[in-house]
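Undergrad: One structure follows; several queries about it will come next.
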């Protein structure tokens, strides 16, 4: 049984028990499928990155991007396994890059990169967030404004967190992964991010 089928069955059961309509049932199914999918993705990311010796960086990139995505939205591949393969590969590569780059950067270099990256991320989110999908459209101006505001607040909190962590030597190693995760998620809501994800989808067999 696939995750989609399991989610649909669980949502149908809950809908009967709660006496909800079809729209609510579909929303529950979508939410459940998303939750289960992200849980499996996180487990795979942890296992593989642990074997590669880059768990702190990869996990930080994953959680940073995932939390920001709650507010910023963004496109998905057309099938779960393509999202799984693409997402796991992306986070492993980005975590690996952070692991390799950190020893090469001085504190001033890191601060400059953090400031520049935060400005870029905030600019992209201000222009393009929130990114909706066919399964989760954002239809009203009020919704768009609210999600954009929360995305920008999260970026501001990330900036404060990164600057604070730079003053704590053991935590400084995670500053670059936070920045990379933030930039990755900001990129996915742009037109170029949508085209990139559609391209990944086609490469993995999900489109013309």
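Bear in mind these aren't lab numbers, they're just calculated from the coordinates by the rules spelled out. Bear in mind the structure is a predicted one, so any value in this text is a computation, not a measurement. Backbone-built Cβ (ideal geometry, glycine too); neighbour counts: all protein chains shown.
Undergrad: Given the C-alpha centroids of the stretch 170-208 and the stretch 49-70, what is the distance between them in whole angstrom?
TA: 13 Å
Undergrad: As I understand it, the value is the acute angle between the Cα axis of helix 3-18 and the longest principal axis of the Cα atoms of the chain; what does it come to in degrees, rounded to 10?
TA: 60 degrees
Undergrad: What FRET efficiency do you get for residue 24 and residue 81 if R0 is 35 Å and r is their Cβ-Cβ distance, rounded to the nearest 0.05?
TA: Rounded to the nearest 0.05, the efficiency is 0.85.
Undergrad: Same structure, new question: Given q = 0.19 Å⁻¹, what are the Debye log10 I(q)/I(0) values for the stretch 63-162, with equal point scatterers placed on the Cα positions and solvent ignored?
TA: Scattering profile of the stretch 63-162, log10 relative to I(0): -1.08.
Undergrad: With the chain treated as a Gaussian network of Cα nodes joined by springs under 10 Å, which of 131, 86, 31 yields the largest mean-square fluctuation?
TA: Ranking 131, 86, 31 by mean-square fluctuation puts 31 first.
Undergrad: While we're here: Taking 8 Å as the Cα distance limit and 6 or more residues as the minimum spacing, I'd like the relative contact order of the stretch 1-52 as a percentage.
TA: Answer for the stretch 1-52 is 37 percent.
Undergrad: Whole number please: convex hull volume per residue of the Cα set in the stretch 46-117, in Å³?
TA: Here the figure is 101 Å³ per residue.
Undergrad: Separate question: Could you give me the percent of Cα pairs per 5 Å distance bin for the chain, shortest bin first, beginning at zero and ending with the bin that holds the maximum distance?
TA: Calculated P(r), rounded to whole percents: 1, 7, 14, 17, 18, 17, 12, 7, 4, 2, 1, 0.
Undergrad: Then there is this: Dimensions of the stretch 1-68 along principal axes (Cα, Å, largest first)?
TA: 48, 28, 14 Å, listed from the longest principal axis down.
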